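Heads up: the structure comes next, in structure tokens.
The values are calculated or read from the model by the stated rules, or taken from the named source; none is laboratory data. Since the structure is predicted, the reported quantities are computational estimates derived from the model, not experimental observations. Please note: Cβ atoms are built from the backbone with ideal geometry, for glycine as well, and neighbour counts cover all protein chains shown. The protein model used for the area step is the full one, side chains on, heavy atoms only, and it has no ligands, DNA or RNA in it. Shrake-Rupley method; radii C 1.70, N 1.55, O 1.52, S 1.80 Å.
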Amino acid sequence: MTGDHPGGEHRDPPRSSPTWSIRRPLADWLRAEGSTAGGKRLLDVGCGVKPYAPFFAGVTSYVGVDVQENPYADLHGAIEALPVDDGSFDVVLATQVLEHVDDPPLAVRELHRVTAPGGRVLASTHGVMVFHPNPVDHWRWTHTGLERLFRQNGDWADVTVTPGAGTAACLGFLASEFLHLLFKRAHVAAISRPLITGLNAAAAALDARVSLLREPVPGALFATST
């Protein structure tokens, strides 16, 4: 299933991708979460092509909802008004969605509403990212801001926010993104790939060696709410 399923660049992002420092830890996190999700009901909010479905192959149901017309979505609707019953899912995914919504507090309350007692919401969003409307792009959070958003909008038993990467990876991502855009506009995007690979490798190594750089200044934030 994994080899044929769309979204392989999300599950196994190449280091030559400017978003590698965001997608690699996100994929690792969801792969680990998927290994413990057997027998559960899962809702993928903002599902796109359901790129992480292979990680959750053991669930009893995998339902995707998207705000846009999408042949991969089982349901259509906004995160602020999810078209599902209260408490109907044990695991709710919302990956790289919250930055695009009109009303984040209402969105988080909806995530809480549809999650079954004892269930988990696995949400990721950006701390740092270039403007990327899809179709809009409104919000960025610090790790404390994202935790506050969840705690103030739902009676969660626990909220944990984890940075996806360190300071060097964040700066490497921004440099890689602008390199990619520069070379793309010059119609020689392929030339940027070895440069981006080197930047990503060097940034990850620097974060691993220097503990002070592992402070929460991330490109991506992961929130687990139960």
- Message: among the β-branched types (Val, Ile, Thr), open to solvent by less than 30 Å² (accessible area, probe 1.4 Å) and over 30 Å from residue 167 (Cβ atoms): is that true of residue 84 in this structure?
- Response: yes
- Can you tell me which residue among 165, 116, 123 is in a strand (DSSP E or B) and surrounded by 22 or more Cβ atoms within 10 Å (Cβ to Cβ)? 123
- Task: Give region 142-162 a look and list any residue that's in a loop (DSSP other than H, G, I, E, B) and loosely packed, with under 13 Cβ neighbours inside 10 Å, or say none.
- Result: 152, 155, 157, 158
- Note on the structure: Counting only residues in region 24-40 that are surrounded by 18 or more Cβ atoms within 10 Å (Cβ to Cβ) and in contact with a Ser or Thr (Cβ under 7 Å, 6 or more places away or on another chain), the one modelled with the lowest pLDDT is identified as 26
- Members of region 168-180 that are closer than 11 Å to residue 20 by Cα and open to solvent by 60 Å² or more (accessible area, probe 1.4 Å): none
- Within region 126-133, is even one residue modelled with pLDDT of 95 or more and open to solvent by less than 70 Å² (accessible area, probe 1.4 Å)? no
- Based on what the data block shows, is residue 17 of a type in the set (Gly, Ala, Ser), closer than 29 Å to residue 208 by Cβ and either open to solvent by 40 Å² or more (accessible area, probe 1.4 Å) or under 14 Å from the mean Cα position of the chain (by Cα) (or both)? no
- Task: Filter region 6-40 down to residues that are more than 20 Å from residue 62 (Cβ to Cβ), among the small types (Gly, Ala, Ser) and assigned to a loop (DSSP other than H, G, I, E, B), then give me how many there are.
- Result: 2
- Unmet criterion (only one of (1) surrounded by fewer than 15 Cβ atoms within 10 Å (Cβ to Cβ); (2) over 21 Å from residue 12 (Cβ atoms)) for residue 65: (1)
- Over region 90-113, the set of residues of a type outside the set (Val, Ile, Thr), open to solvent by less than 20 Å² (accessible area, probe 1.4 Å) and not in a helix (DSSP H, G or I) is 93, 94
- Query: Out of (1) modelled with pLDDT under 95; (2) open to solvent by 20 Å² or more (accessible area, probe 1.4 Å), the odd one out for residue 139 is which?
  - Reply: (1)
- Item | Residues satisfying the stated conditions in region 68-81, i.e. open to solvent by 70 Å² or more (accessible area, probe 1.4 Å) and of a type outside the set (D, E, K, R) | 68, 71, 72, 76
- Note on the structure: When (1) open to solvent by less than 40 Å² (accessible area, probe 1.4 Å); (2) in a helix (DSSP H, G or I); (3) at pLDDT 95 or above are applied to residue 183, the one that fails is (1)
- When you look at residue 101, is it under 18 Å from the mean Cα position of the chain (by Cα) and not basic (Lys, Arg), yes or no? yes
- Of the residues in region 41-59, how many are assigned to a helix (DSSP H, G or I) and either within 25 Å of residue 134 (Cα to Cα) or open to solvent by 10 Å² or more (accessible area, probe 1.4 Å) (or both)? 3
- Any chance region 2-10 includes a residue that's modelled with pLDDT under 95 and either over 28 Å from residue 192 (Cβ atoms) or of a type in the set (S, T, N, Q) (or both)? yes
